[in-house]
Structures are given as C-alpha cells and as structure tokens.
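Everything on this sheet refers to the single structure shown next.
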Amino acid sequence: MSEPAPSLHARIASELHAAGRILAVSHVRPDGDAVGALLGFGLSLQAAGKQVQMVLADGVPAGLRHLPSAGFIQRRAKGDFDYAVVLDASDLERTGKALGGRPADLNIDHHVTNLQFARLNLVEPGAVATSAILAEHLPRWGFAIGLEAASALLTGIITDTIGFRTSNMTPAALRLAANLMECGANLPELYRAGLGQKSFEAARYWGAGLTRLQRDGKLIWTTLYLSDRQSVGYNGNDDADLVNFLSSTDGDVVVLFNEQNGGKVKVSWRARPSLDVSELAVQFGGGGHPAAAGAEIPGTVADVQEKVLEVTRAFLAAQAGSLK
Ligand code: 5GP
Ligand code: MN
C-alpha cells in the first residue's frame, strides 16, 4: 500500500525542492500526455532553479514538435543525477532505456494498471491525464506553471481526452484546463496543432489501415505493417492516432495491430464506455485505462492477431452473456 495522500504529497514536495540534478522521463512511442507531462514538469522545475534533463527513448514525434522547448528533450540521459522521475508510465519497461538503469525515485501516473515501481508513487487513476495531475499539484508543491509549461500540460489534457470527450472527463479536469488557459496557454491553437493537424504522410498511413478494416460482430480491427510506413514515408513507430479515430466507429471494441521492428506487434484496444479492456492488455503484459489500453507483444502479426482476437472475442462474448 502507498502512504496516505497528505504525507505522500508533503514528501514529494520536499524531495523535489531538495533535489539538484533531476532526470525526468516518460514512455516509448510518446503521445501528447507523455511529451506534455515531461515538458510541463521539466520546465516548471527548471524555472525554480533545478537542473532537469528531459528524456524520451523514442524522441519527440513530429506531430508534437510545435510545443515550445520540445527541442530540449533528449533521447538518452547524459551525466549524473540525484533524482529520477517517471511520468505517465505504468511500468518501467514502458520507459525504454530512458532511465539508463537508474532506480526511479518518483512515479506520477494515471493508469489503473500502474505497478507502483518507484520509491514514491503518485497514481491517480481518476485523472484524465498525467498532465492534469501535474497541473493540479505542481503549484501546491510550490512550483509555478509558466506559459510554456502550461501549453505543454494543456496539450496533454487535450490529447489524452481526445478533445475533452472521453468518458472519464470531469468538471475538475475542465477547471484545470481553464487554469492553464489563465497561465496563457492558447487552447484553440494547441487543440489544432495537437489533435486536429495531420501530416500528408500520416493521412496516407491512415489510408493503409482503413483499407484493411475488418469487422466481426461488435469487434472491429485493422493492421498497420512496417511496409506501410515505408511506402507512405511515415517516420513514426506509432499509429498516427488512427485507433482513436476508429474508436468513433460503431464497434464495442476496436483493436489496432501495429507491426514493430524486432519481431513485435504493438496492440491497441479501445472500448465503448462501461467495458474495461485494460484487463486484456494486462494479460499480454501491457496496461492502460478501461477505455484505452495497449501492449507490445512478441511474435509475427499473424500469430499475435490470432491470439489477441481470440481473447478479445471471448471477452466480448462474456460481456454479452453477463448482460442477459
Ligand atoms: P495506445 O494503445 O494508444 O498506445 O495506449 C492506450 C493506453 O494504454 C495509454 O494510456 C498507454 O499509456 C497504455 N499502453 C499502451 N501500450 C502499453 C504497454 O505496452 N504497456 C503499458 N503498461 N501500457 C500501455
Ligand atoms: Mn496519459
């Protein structure tokens, strides 16, 4: 069990104020919340006089490079640190090699599947984004949020809620977004750049996935192959948010298979409200939220598809049975 909230917050605040050289990292295939939380945290602590190195093993994806100071995020930690912070990742493996083998002092996250792997773990599964946790607590811990940090944190909230429309949205989350606007963050511009804008290559990559869309009852799935990235010139190893678009189709569960280098397949599940696909992702060594979860599974696309579709069909059948 973690400690009661008040003493946990007091310890986090005093440890962050005592730290000198901080390493802050987030997860592989970073999304808007990973980059937003990392910049929001890193820039706020830098403004308080801390040395903070921000590291993402996969670097910043093209679609998030508009964020101010994103260019300071590195792919590898360099130098010595006295404090290590992991943001928006529910297990250590998700960070890639960003920590370089160092133990994590502090983990701030909002995944229900979090393994509490750090010395101090602030995990709020009710929070819409790790960026929302930071928007709420950084000022309480004594770290002011400036314009650039606010823009990053608002981007994390916008992207993780797909524009304030996921089923976990709350009035409190909207108030945090409003606070960030009051710090100067430009909501319409960040919304457009973080969520609305797609590169030409990303649109063609979507096209490859959309032509392969399949359906079996309430289950919808598609596949992106490594060869698709090459043929359309898409540089990322993510799905360019295709699965979030597919979550607005009429399936109960949507699954996206994204072939990765090294004989692995990244699987993303999305579910309609009231279903919990995080338990499926956990079965395959991954994690996430009830409505959005993922896992990286070794094997060929065909093998992984067979196993994942079988388990997901059984999950849907069990749901249908329990409603009878
Ligand atoms: P996505 O499928 O869009 O990558 O991720 C959906 C949700 O599941 C996100 O909250 C993400 O952090 C989580 N997630 C995705 N892949 C993994 C994984 O391999 N391991 C864990 N622990 N969580 C994952
Ligand atoms: Mn997140």
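Quick notes on this structure:
- Screening the range 243-324 for strands (runs of 3 or more DSSP E) wholly inside it with 2 or more residues that are under 21 Å from GLY217 (Cα atoms) and open to solvent by less than 10 Å² (accessible area, probe 1.4 Å) returns the ranges 253-260, 264-271.
- The residue of the range 76-103 that is surrounded by the fewest Cβ atoms within 10 Å (Cβ to Cβ), among those that are among the basic types (Lys, Arg) and over 20 Å from THR155 (Cβ atoms), is LYS78.
- Residue satisfying all of: in the range 28-66; over 21 Å from LYS97 (Cα atoms) and of a type in the set (S, T, N, Q); nearest to ligand 2 (Cβ to nearest atom) among these: SER44
- Residue in the range 157-184 that is surrounded by the fewest Cβ atoms within 10 Å (Cβ to Cβ), counting only those that are under 18 Å from GLY63 (Cβ atoms) and touching a Leu at 6+ places or on another chain (Cβ under 8 Å): GLY163
- Out of LEU106, LEU154, LEU138, LEU120, sole residue that is within 15 Å of ligand 2 (Cβ to nearest atom) and surrounded by 16 or more Cβ atoms within 10 Å (Cβ to Cβ): LEU154
- Qualifying residues in the range 14-49 (those that are open to solvent by 60 Å² or more (accessible area, probe 1.4 Å) and of a type in the set (S, T, N, Q)) - the one nearest to ligand 1 (Cβ to nearest atom): GLN46
- Against the list (1) surrounded by 16 or more Cβ atoms within 10 Å (Cβ to Cβ); (2) away from ligand 2 (no atom under 16 Å from the Cβ), the condition ARG11 fails is (1).
- Some residue of the range 32-50 being outside any loop (DSSP other than H, G, I, E, B) and hydroxyl-bearing (Ser, Thr, Tyr): yes
- Number of residues in the range 249-281 that are touching a residue at least 60 places away in the same chain (Cβ under 8 Å) and within 8 Å of ligand 1 (Cβ to nearest atom): the value is 3.
- Yes/no for VAL52 being within 13 Å of ligand 1 (Cβ to nearest atom) and in contact with a Gly (Cβ under 8 Å, 6 or more places away or on another chain): no
- Hey, LEU242 assigned by TED's automatic domain parsing to the domain that holds VAL311 and within 25 Å of VAL277 (Cα to Cα) or not: yes
- Any chance PRO188 is surrounded by fewer than 17 Cβ atoms within 10 Å (Cβ to Cβ), within 16 Å of ligand 1 (Cβ to nearest atom) and either in contact (Cβ under 8 Å) with a residue 40 or more places away in the chain or in the same structural domain as ALA57 (by TED's automatic domain parsing) (or both): no
- From the options SER131, SER90, residue that is outside the structural domain of GLU296 (by TED's automatic domain parsing), under 17 Å from the mean Cα position of the chain (by Cα), part of a loop (DSSP other than H, G, I, E, B) and touching a residue at least 24 places away in the same chain (Cβ under 8 Å): SER90
- Residue match in the range 113-125 (condition: among the aliphatic types (A, V, I, L, M) and under 14 Å from ASP33 (Cβ atoms)): no
- Among the conditions (1) of a type outside the set (Val, Ile, Thr); (2) open to solvent by less than 10 Å² (accessible area, probe 1.4 Å); (3) part of a helix (DSSP H, G or I); (4) under 19 Å from LEU106 (Cα atoms), PHE143 misses just one, which is (3).
- Candidate set from the range 61-79 (those that are part of a loop (DSSP other than H, G, I, E, B), touching a Lys or Arg at 6+ places or on another chain (Cβ under 9 Å) and modelled with pLDDT of 95 or more); member that is farthest from GLY196 (Cα to Cα): ALA77
- Members of the range 230-242 found to be in contact with a strand residue (DSSP E or B) (Cβ under 9 Å, 6 or more places away or on another chain) and surrounded by fewer than 21 Cβ atoms within 10 Å (Cβ to Cβ), listed by number: ASN237
The values are calculated or read from the model by the stated rules, or taken from the named source; none is laboratory data. As the structure is a computational prediction, the values presented were derived from the model and not from experiment. Using ideal geometry, Cβ is built from the backbone for each residue, glycine included, and neighbour counts are taken over all protein chains shown. The accessibility values were calculated without ligands, DNA or RNA, using every heavy atom of the protein model including side chains. Shrake-Rupley method; radii C 1.70, N 1.55, O 1.52, S 1.80 Å.
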